[in-house]
Amino acid sequence: MNKLTAIFVLILVIGGQKQQSKAAVTPPCKDGATRTCGIDMGECTLGKQTCNNGRWSDCDGRKPKKEVCDLLDNNCDGDIDEGCECVDGSTRQCGIDFGECTVGVQPCINGMWSSCNGVMPAVEIEDRLDNDCDGAVDEDFACKPGEVVPCERYVNGKHAVGKQSCGPNKHWGSCKGLRFTGKRLNNQDGPCGDGVCSDSETPASCEVDCGSVCGDGYCSLKETLRTCPRDCKVPPPK
């Protein structure tokens, strides 16, 4: 390479560096210019960015947040309350009113149903009470032959009472002499969980017995806004 060619190459290199340096300091925007930003989905909204000192400002639209169980699309991904069993603050009836058991209420906390605050079935003990709430009293213990105690049953969802006698083998016999009482526990013909969907039970009050189908107006635990938007647009009934 002769001297003249070397000088020409050097001029080209220096010129290219100047062009790159000029491009590097060119501002990305012109002061005062604006542009639309963000997304218009869920709880997010479109916003505006303004160019100040050659830089775009933060978008002033509503941005995605962490998803919480409130029937809103907080993280703006098109899904509502994904991963939630229930809506925070909602409640539902739980338990049974049978034997020593009582109906309670379950509140929804952090998108999950908490424990039922009613009296739940317990291990049967010898105390002349129906601790395990199966309609029989002290059935696991020896009794005094000839002793008679009251008992209760649900027959096809209808409440009935009778008497239970202790046999010669010191074991309690079956509940006999059943008499229907017409009693409607918790405004139901039978306790929720007895396997019978009685006239006064609904999917909302007793899903385990009555089941739930999309379109029945109740957003069950198996349904979501995506699988059944007709039922799941509103909080589950209390």
Worksheet entry | √(5λ) per eigenvalue of the Cα gyration tensor, the range 24-116, largest first, Å | 50, 9, 8
Fill in: Formal net charge of residues neighbouring Lys170 (Cβ-Cβ distance under 13 Å; K, R +1; D, E -1)
-4
Worksheet entry | Rg(Cα) / (2.2 N^0.38 Å) computed for the range 84-156, rounded to two decimals | 1.48
Item to complete: Return the distance in nm (one decimal) between the two label points of a simple spin-label model at Thr50 and Ser174, each offset 7 Å from Cα along Cα→Cβ.
Response: 8.5 nm
Item to complete: Could you pull out every residue, at least 5 positions away or on a different chain, whose amide H is within less than 5 Å of the one on Ser90? Hs are placed 1.01 Å off N in the peptide plane, and Pro or chain starts have none.
Response: Cys108
Worksheet entry | Full-extension gain in nm, Asp31 to Asp140, via 0.36 nm per residue minus C-alpha separation | 30.7 nm
Worksheet entry | Charge context of Glu82, other residues only, Cβ under 11 angstrom, K/R +1, D/E -1 | -4
Worksheet item: Roughly speaking, what is the centre-to-centre gap between the range 153-177 and the range 33-48 when only Cα atoms are used, to the nearest Å?
Response: 69 Å
Worksheet item: Using 1/(1 + (r/R0)^6) with R0 = 22 angstrom and r between the beta carbons of Thr181 and Met120, what's the FRET efficiency to the nearest 0.05?
Response: 0.40
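Quick note: the coordinates plus some simple rules give every number you see, no bench work behind them. The model shown is predicted, which means the values in this text are computed figures rather than measured ones. Counting neighbours? That spans all protein chains shown, and the Cβs are built from the backbone with ideal geometry, glycine included.
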